[in-house]
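Colleague: This is the structure, below, for whatever I ask next.
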Amino acid sequence: MGKKRTPSPYTARTADKYELYQISVQSPEPDIAFLRRVYKQARARPAHHFREDFCGTALLTSEWIRGCKSCTAEGFDIDPEPLGWGRKHNLGPLGNASSRATLHEADVREPSQQPPDVRCAQNFSYWIFTQRSELLDYFHGVRADLAEEGLFVLDIHGGPECMEELEEETEHEEGFSYIWDQSEFSPVTHATKCYIHFRFPDGTEMKNAFRYNWRLWSLPELRDVLTDAGFDRIDVYWEGTAEDGESGNGIYRKTRLGENDTSWVSYIVALK
Ligand SMILES: C[S@@+](CC[C@H](N)C(=O)[O-])C[C@H]1O[C@@H](n2cnc3c(N)ncnc32)[C@H](O)[C@@H]1O
């Protein structure tokens with residue numbers, strides 16, 4: 001007899017979109033381990049102060065604080081809703097340690113309270129800057145705001161699949177499906193419209209839980225803009241391949257050329 005499946009606790013009416021988002025797209029432990037590793041390799045000492053741009057629910061900020069007793073952090077987001085959620089669900093459980101984190105309801109172009117050793121912009125959120133001049137202005141500000149030996153880390157998604165209009169469904173064992181919907185793409189402007197939907201075993205759906213109007217930037221374009229913003233060195237980290245020969249193994253190493261995969265996520269590390 002087959003194993004009985006526990007019924008899913010989720011339906012569109014009761015599920016919390018931030019909880020589902022975090023389960024679906026965030027990996028705070030490996031992300032923070034990566035950021036600490038690249039700083040230590042570059043500067044031969046541990047990083048102390050962290051800044052998370054477009055922090056949403058501040059999951060990375062919380063992990064930074066949780067993993068180091070003396071470390072401090074700042075998160076920036078313009079939307080009070082995810083910030084409030086993050087204060088309650090991510091920072092709250094850390095107790096007194098949470099006083100080492102400050103969340104700012106502010107634009108990412110605002111300066112930090114304290115110059116960060118590591119500053120990051122994750123999940124392609126900086127793609128809201130669709131004009132080169134805007135992106136350059138943001139990168140200029142980031143560089144000026146970093147600590148003396150600071151570094152700035154961005155993730156980037158690429159490969160020919162990024163330019164396709166498609167829906168990709170991932171079933172999560174927690175009892176729901178995550179749908180990444182690349183709804184529109186212009187080959188002329190690289191403007192792209194994407195959505196996240198969630199579907200549940202009872203047949204209900206949380207449609208357009210998150211919406212993005214972005215420009216799909218290419219890796220060489222970003223390197224050029226970072227160079228123009230005055231960064232000294234720009235390293236690209238590429239994900240290794242798992243034993244199945246297809247999926248990523250979550251281990252990122254410095255690369256000069258990368259691999260021509262149909263869909264990839266990579267990190268750009270820009271040193272001041
Ligand atoms: C894709 S979510 C990123 C959430 C989380 N950091 C992550 O890595 O998954 C983008 C976030 O950027 C915020 N945002 C958009 N424009 C912004 C701006 N100019 N300044 C600060 N936050 C901004 C939105 O409110 C949203 O929470």
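The values are calculated or read from the model by the stated rules, or taken from the named source; none is laboratory data. Note that the structure is a prediction, hence the values are computed from the model and not measured. Cβ: placed from backbone, ideal geometry, glycine included. Neighbour counts: every protein chain shown.
Colleague: In region 258-272, how many residues are under 15 Å from Gly240 (Cα atoms) and among the hydrophobic types (A, V, I, L, M, F, W, C)?
Modeller: We begin by selecting, within region 258-272, every residue under 15 Å from Gly240 (Cα atoms); these are 258-267.
From what's left, among the hydrophobic types (A, V, I, L, M, F, W, C): 264-265.
Selection size over region 258-272: 2.
Colleague: Tell me which residues, restricted to region 55-70, are within 12 Å of the ligand (Cβ to nearest atom) and among the hydroxyl-bearing types (Ser, Thr, Tyr).
Modeller: Of the residues in region 55-70, the ones within 12 Å of the ligand (Cβ to nearest atom) are 55-63.
Correct list: Thr57, Thr61, Ser62.
Colleague: Among Ser177, Ser186, which is under 23 Å from Leu20 (Cα atoms) and either away from the ligand (no atom under 15 Å from the Cβ) or of a type outside the set (A, V, I, L, M, F, W, C) (or both)? Spell out the reasoning first.
Modeller: Values: Ser186 fails: under 23 Å from Leu20 (Cα atoms).
So the residue among Ser177, Ser186 that is under 23 Å from Leu20 (Cα atoms) and either away from the ligand (no atom under 15 Å from the Cβ) or of a type outside the set (A, V, I, L, M, F, W, C) (or both) is Ser177.
Colleague: Quick test of your reading of the structure: Gly95 fulfils all but one of (1) in a helix (DSSP H, G or I); (2) in contact (Cβ under 8 Å) with a residue 40 or more places away in the chain. Name the failing condition by number.
Modeller: (2)
Colleague: If you go through region 218-272 one residue at a time, how many are exposed (fewer than 11 other Cβ atoms within 10 Å of the Cβ) and closer than 20 Å to Glu134 by Cα?
Modeller: The total comes to 1.
Colleague: Pro30 - would you say it is over 22 Å from Gly250 (Cα atoms) and part of a helix (DSSP H, G or I)?
Modeller: Working: over 22 Å from Gly250 (Cα atoms): no; part of a helix (DSSP H, G or I): yes.
When the stated conditions are applied, Pro30 does not pass them.
Colleague: Now a separate question. Among the candidates Asp224, Asp261, Asp244, Asp202, which residue alone is outside any strand (DSSP E or B) and within 28 Å of Glu19 (Cα to Cα)?
Modeller: On the way: Asp224 fails: within 28 Å of Glu19 (Cα to Cα); Asp261 fails: within 28 Å of Glu19 (Cα to Cα); Asp244 fails: within 28 Å of Glu19 (Cα to Cα).
None of the others qualify; the one that does is Asp202.
Colleague: Moving to a separate point now. Among the residues in region 118-132, are any outside any strand (DSSP E or B), out of contact with any helix residue (DSSP H, G or I) (no Cβ under 7 Å at 6 or more places or on another chain), at pLDDT 95 or above and exposed (fewer than 15 other Cβ atoms within 10 Å of the Cβ)?
Modeller: yes
Colleague: What number of residues within region 53-90 satisfy the criterion of being within 17 Å of Arg109 (Cα to Cα) and part of a strand (DSSP E or B)?
Modeller: The qualifying residues number 6.
Colleague: Okay, moving on. So, in region 43-78, exactly how many residues are of a type in the set (A, V, I, L, M), out of contact with any Gly (no Cβ under 8 Å at 6 or more places or on another chain) and farther than 19 Å from Tyr138 by Cβ?
Modeller: Total meeting the criteria: 4.
Yes/no per residue for (1) touching a Cys at 6+ places or on another chain (Cβ under 8 Å); (2) closer than 17 Å to Ala97 by Cβ; (3) modelled with pLDDT of 95 or more:
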{"position": "Lys4", "(1), (2), (3)": "no, no, no"}
{"position": "Ser24", "(1), (2), (3)": "no, no, yes"}
{"position": "Ala44", "(1), (2), (3)": "no, no, yes"}
{"position": "His49", "(1), (2), (3)": "yes, yes, yes"}
{"position": "Ser62", "(1), (2), (3)": "no, yes, yes"}
{"position": "Arg66", "(1), (2), (3)": "no, yes, yes"}
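Colleague: Considering only residues of region 97-115 that are within 13 Å of Phe54 (Cα to Cα) and hydrophobic (A, V, I, L, M, F, W, C), which is nearest to the ligand (Cβ to nearest atom)? Show your work before the answer.
Modeller: We begin by selecting, within region 97-115, every residue within 13 Å of Phe54 (Cα to Cα); these are 103-110.
Pick out the ones that are also hydrophobic (A, V, I, L, M, F, W, C) and you get 103, 106, 108.
Numbers: Leu103: 11, Ala106: 7, Val108: 4 Å.
Among residues in region 97-115 that are within 13 Å of Phe54 (Cα to Cα) and hydrophobic (A, V, I, L, M, F, W, C), the one nearest to the ligand (Cβ to nearest atom) is Val108.
Colleague: Moving to a separate point now. Looking at region 182-199, which of its residues are surrounded by 13 or more Cβ atoms within 10 Å (Cβ to Cβ), part of a strand (DSSP E or B) and not hydrophobic (A, V, I, L, M, F, W, C)?
Modeller: So in region 182-199, the residues surrounded by 13 or more Cβ atoms within 10 Å (Cβ to Cβ) come out as 182-183, 185, 190-199.
If we keep only those that are part of a strand (DSSP E or B) as well, we get 182-183, 185, 191-199.
The answer is Gln182, Ser183, Thr192, Lys193, Tyr195, His197, Arg199.
Colleague: Shifting gears a bit: Can you tell me which residues in region 117-139 are away from the ligand (no atom under 15 Å from the Cβ) and within 22 Å of Phe34 (Cα to Cα)?
Modeller: Asp117
Colleague: To continue, here is another question. Cβ-Cβ below 6 Å, separation at least six or inter-chain, first residue in region 39-58 and in contact (Cβ under 8 Å) with a residue 24 or more places away in the chain, second among the basic types (Lys, Arg) and buried (at least 20 other Cβ atoms within 10 Å of the Cβ): which pairs?
Modeller: Arg51/Arg119
Colleague: Right, here's the next one. For residues that are under 17 Å from Ser24 (Cβ atoms) and either without any contact (Cβ under 8 Å) to a residue 40 or more places away in the chain or of a type in the set (D, E, K, R) (or both), tally how many sit in region 167-203.
Modeller: Qualifying residue count, region 167-203: 15.
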